[in-house]
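A short write-up of the structure that comes next.
Quick note: the coordinates plus some simple rules give every number you see, no bench work behind them. Every value quoted in this text rests on a predicted model; they were computed, and no experiment measured them. Every residue, glycine among them, receives a Cβ derived from its backbone with ideal geometry; neighbour counts consider all protein chains shown.
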């Protein structure tokens, strides 16, 4: 809250201004009551409409992982919650002293076996020449050949051990498998972790979707690529069905579906409502929901007729889809229906239409 300190003459000036504005407001109301009432109007239209029910859903990330350690060690550093990382960036580090010492040991073994190999290869060739001249025993040549084969095998083993410990050393730095945000730390600095121990939770907020479960009776009216309405509070957005899991839960009689959504409009973990059809779409006369005037004796709409005079038409509301609702009564496609300003209208009252170039389902353009 902002607190402004002003002097008394400022209060006086503000009071005079507010009084003037109030007089102008009352004068405007009086003029409005005497003249035509301003309204926003759209045309009723024939649309393909299916009855729907709202089912709950949740915004999730397709990349939501609990990153685990791949080697045993003590945590020396871990990323803070809220840290944004790119793919391959470190999210935690383990003490690598033991692996560095093993790496040095196995590197020495590789050097030792390489030195043996360097000696035995020319030695075999030298003994072959001496054997050809009958100056070397066959057994000595055979023994040297055997030593050479063993040396070659030993160096392969030593290199494999060096590669294995080098891999373990690299894994002491736990890296992000994808770009995202660290949302949770499962461990803290100084704690020991084993292979498979969860260290951090990483979530990608740019790869999101909605997961929802709908009654099995709606499965026949939904397919991949279908467009459904997603809402949360006042927000409404059309979403495409990405996939439908073609298996129902026998206990709940529900099936799962996944929807594509715009990451800029939704947050992981947000609860939403999805309008799913419960029957085949059929052609009906529809008007915006805002056009309905609800009273104790039923629902009605105001139709603008000749000379900009309105008449009240009783209707029976049917199935709805988003902002549209089916109506039946003494109406036809193309009738001009009031969607803004109908609350205070009386039958036979003259109105001033602000806009009549919109159809039902496009009230936003009519209001502009």
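Structural remarks
- Spacing of the two label points (7 Å from each Cα toward its C-beta) at residue 186 and residue 226, in nm: 3.7
- Shown here: the chain, whose C-alpha atoms stretch 130, 68, 40 Å along the first, second and third principal axes, sorted largest to smallest.
- By the count of neighbouring beta-carbon atoms within 10 Å, fewest first, 146, 232, 300 end up ordered 146, 232, 300.
- A Gaussian network model of the chain, with springs between Cα atoms under 10 Å, assigns the largest mean-square fluctuation among 250, 288, 263 to 250.
- Taking region 96-171 and dividing mean pair separation by its residue count, relative contact order in percent (alpha carbons under 8 Å, at least six apart): 53
- Residue 235/residue 354 FRET efficiency (R0 41 Å; Cβ-Cβ; nearest 0.05): 0.95
- Relative contact order [Cα under 8 Å, 6+ residues apart], region 210-330, whole percent: 21
- Beta bridges from DSSP with both residues in the chain: antiparallel share about 95 percent, rounded to the nearest 5.
- Sites residue 138 and residue 111 - FRET efficiency at Förster radius 41 Å, r taken between beta-carbons, to 0.05: 0.80
- Approximate spin-label separation residue 129-residue 254, in nm, with each point projected 7 Å along Cα-to-Cβ: 8.5
- When you restrict to C-alpha pairs under 8 Å that are six or more residues apart and normalise by the size of the chain, the relative contact order lands at 29 percent.
- The calculated FRET efficiency for the pair residue 145 and residue 118, based on their C-beta separation and a Förster distance of 25 Å, comes to about 0.95.
- What separates the Cα centres of region 281-304 and region 174-211 is a distance of 51 Å.
- Nearest-ten-degree value, helix 138-170 long axis tilted from longest Cα axis of the chain: 30
- The helix-only estimate of mean residue ellipticity at 222 nm for the chain, built from DSSP H runs of length n ≥ 4 each weighted as -39500 (n - 2.57), is -9500 deg cm²/dmol after division by the residue total.
- Using alpha-carbon coordinates, inclination of helix 97-132 to the longest axis of the chain, degrees: 40
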